[in-house]
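Presented below is the structure to which this report refers.
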């Protein structure tokens, strides 16, 4: 048996398949590594016999992946491709760049990533279900727990057994318990304020009659 093949099989037996795949991809070029690292929906093309729900569940990253920022050079590759295709970037290019931005540790980049995903959500109905999860992740990283919960719950309504969404739901609830649901507090406060102002205006109008 070829020594390289034998060594490869030995390594593969000693580590998990997922870790083995990760180690192999790190030997590729920066561009290819970046594309593999973000692991978005290109898996669709290689799994034509799966239902849309099954393909979505398989291709979704774990919530922890959103905390793993790309290297500056890797994000630059995605940005360069996006700018190269501007003003009409392909859906996949826009999605890749958005996901890379959401993985960033910089808030302004995370916000841009959410904005790009929101554009895809509005403009591409066939990708809305998929965008729900990534938008939930983006808002989760930004600390907008109300929005994160809203998007994630919408996905769970469509796919109750989605493991990634279930895991994200637990993370959101944990953050809410520790830090408070800031987004909901604001929205709720505005709603209450609007109700109070509306009530005062009505009462004022009634008194004038």
Worksheet entry | The listed residue being under 15 Å from the mean Cα position of the chain (by Cα) and buried (at least 22 other Cβ atoms within 10 Å of the Cβ), out of 142, 70, 101, 112 | 101
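Is it true that residue 76 is surrounded by 22 or more Cβ atoms within 10 Å (Cβ to Cβ), part of a helix (DSSP H, G or I), in the same structural domain as residue 176 (by TED's automatic domain parsing) and at pLDDT 95 or above? Give the steps one after another, and end with the answer.
Values: surrounded by 22 or more Cβ atoms within 10 Å (Cβ to Cβ): no; part of a helix (DSSP H, G or I): yes; in the same structural domain as residue 176 (by TED's automatic domain parsing): yes; at pLDDT 95 or above: yes.
Judged against the criteria, residue 76 is not a match.
Hey, which of the helices (runs of 4 or more DSSP H) in the range 105-192, taking only ones fully inside, have at least 1 residues that are touching a helix residue (DSSP H, G or I) at 6+ places or on another chain (Cβ under 8 Å), at pLDDT 95 or above and closer than 30 Å to residue 88 by Cα?
It comes to 107-123, 128-142, 145-158.
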Practice prompt. Determine whether residue 64 is in the same structural domain as residue 174 (by TED's automatic domain parsing), in a helix (DSSP H, G or I) and modelled with pLDDT under 95.
Written response: yes
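The values are calculated or read from the model by the stated rules, or taken from the named source; none is laboratory data. What you see is a predicted model; the values in this text were computed from it and never measured. Cβ coordinates were reconstructed from backbone atoms using ideal geometry, including for glycine residues, and neighbour counts include every protein chain displayed.
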